[in-house]
Amino acid sequence: MKDFKPKYSISNKLLINIKEIGLLTGELNSKVFPSSVLVKLEKDARALSAYSSTSIEGNPLPLTDVKKILKSKPENIRDSEREVLNYNTALILLDERINKENNIKISDKIICDIQQVVVKGLLLREKGYRAEPVVVNDPRTRQTVYLPPDHQDVPSLMTNLIEFINSNNKNIDPLILSGIFHKQFVTIHPFVDGNGRTARLITKLLLANMGLNTFHLFSFENYYNNNISKYFKNVGVVGDYYDIKNNLDFTFWLEYFTEGIVDELKRVKKVLPSYQPRLEDHHKKILKYIEKNGSINTVEYEKISGRKKATRIIDFKFLIDLGLIERKEQGKASYYILKTN
């Protein structure tokens, strides 16, 4: 197999999308939230991703049911519920890995491990890439529209794709690289089942790995699910792999891919104010006291608020998490001032 050399052009539309993503990401990454609010944001984003990504593949569960399932985690479940739980588990595992490691390189093992999580309890098949031929049918007509590469060629095609991604992470814009991975993965169709879900999960890993710290907060799968036909039209290919492989152009897909990220980041920006924690009167007393006197300690705060020790600690931590104040000194000598940077 020859090395993977994808064809694409840097169109004006693609450049505009990449620039806008940079601006939106910088703005969102500058937001500071208390840990309790971040937990809620992350749970909601995971629920939306699990719902959207499985819905794309035909899962009938509405978002309200998905949230209930993720909250209760029932033991006796149908396949549709298992799909949702599996996707949520994969998101959590990726999140944990991202928090532990920097600049994660994708590999056959990471990809196959994620696919195993996605199809756990749904397939009784061998692990690893497929060892049999498959066809891709139009989800609406059920007619065969694409013949993926022979299973004997899958390992080398995946090796070429992985090497291309890992060797170009400093040479090619990360958004372009992530988009190329997504479409080429779907084109190769390396598994019997779980290809779409695995492609979207690894794409999320690449986006987070390459600087999109809003990974926890946004669901780019949501954009695809809002118009599934358009997603399949853009990400999918038609015909026989061996007839079309040399003429495959990624430009239109990359425009659509980055457009989806812009759309989702704008949605996140729009809903964020509803998550903004409200400052109560006792919080405002702390800030006003510091503005007038330069600082405040726990004794001074007790005098002006009458709050008990345990709640005073929570109040200060809340304002620290918001990035409004900072603590100076330790123990009994500690005091709080307004945060200036």
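Since every read-out is calculated from the coordinates, none of them should be taken as a lab result. As the structure is a computational prediction, the values presented were derived from the model and not from experiment. In this analysis, Cβ positions are derived from the backbone assuming ideal geometry, glycine residues included, and neighbour counts consider all displayed protein chains.
Two decimals, Cα atoms only, Kirkwood Rh: what is Rg/Rh over the chain?
Here the Rg-to-Rh quotient is 1.07.
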- Query: Could the peptides 327-334, 313-320 be put in order, highest first, of the mean number of other beta-carbon atoms found within 10 Å of their residues?
  - Reply: 313-320, 327-334
- Hey, what D do you get for the stretch 62-137 in µm²/s if you plug the Kirkwood alpha-carbon radius into Stokes-Einstein at 4 °C and 1.567 mPa s? 90 µm²/s
- Task: Kindly provide the pair-distance distribution of the stretch 156-239 built from C-alpha pairs, with 5 Å bins from 0 and whole-percent values in order of increasing distance.
- Result: 3, 13, 24, 26, 20, 12, 3, 0
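So what is the calculated 222 nm ellipticity per residue for the chain, using -39500 (n - 2.57) for each DSSP H run with n of 4 or more, over all residues, to the nearest 500 deg cm²/dmol? Can you show the working numbers first?
Values: 15 runs with 201 residues, N = 341.
When only DSSP H runs of four or more count, the value is -19000 deg cm²/dmol.
For the stretch 281-338, with only Lys/Arg (+1) and Asp/Glu (-1) charged at the beta-carbon, what is the dipole magnitude about the Cα centre, in debye rounded to 20?
The dipole of the stretch 281-338 has a size of about 200 debye.
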- Task: Work from the charge dipole of the stretch 63-212 (Cβ charges, +1 for Lys and Arg, -1 for Asp and Glu, about the Cα centre) and give the residue of Y146, N168, V66 farthest towards its positive end.
- Result: V66
- Message: Which order do the peptides 173-181, 222-230 come out in when sorted by mean C-beta neighbours inside 10 angstrom, highest first?
- Response: 173-181, 222-230
- Unit charges on C-beta of K, R, D, E only; dipole of the chain, Debye: 1560 debye
- Message: Tell me the Rg and the Dmax, in Å, that the Cα atoms of the stretch 268-314 produce.
- Response: 13.6, 40
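Counting other Cβ atoms within 10 Å, which GluC sites (Glu not before Pro) in the stretch 3-88 have at most 12 and lie in a DSSP loop? Mind showing how you got there, number by number?
Details: sites: E20, E27, E42, E57, E75, E81, E83; in loops: E57, E75.
Passing both the DSSP loop test and the Cβ count: E75.
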- Treating the Cα atoms of the stretch 281-338 as identical point scatterers in vacuum, please give the log10 of the normalised Debye intensity I(q)/I(0) at q = 0.15, 0.27 Å⁻¹, two decimals. -0.35, -1.28
- Taking the reciprocal of mean 1/r across every pair of different Cα atoms in the stretch 85-195, the Kirkwood radius in Å is 15.4 Å
- Please work out the Cα center distance from the stretch 213-257 to the stretch 263-290, rounded to the nearest Å. 35 Å
- Query: Using the alpha-carbon atoms, what tilt in degrees (0 to 90, nearest 10) does helix 251-271 show relative to the longest principal axis of the chain?
  - Reply: 20 degrees
- Message: For the chain, take the longest principal axis of its alpha carbons; what is the angle in degrees between that and the long axis of helix 108-118, to the nearest 10 within 0 to 90?
- Response: 80 degrees
- Task: Based on the mean of other Cβ atoms within 10 Å per residue, sort peptides 245-255, 96-106, 278-288 so the most packed one is first.
- Result: 245-255, 278-288, 96-106
- In degrees, nearest ten, helix 12-29 long axis to first principal axis of the chain (Cα): 30 degrees
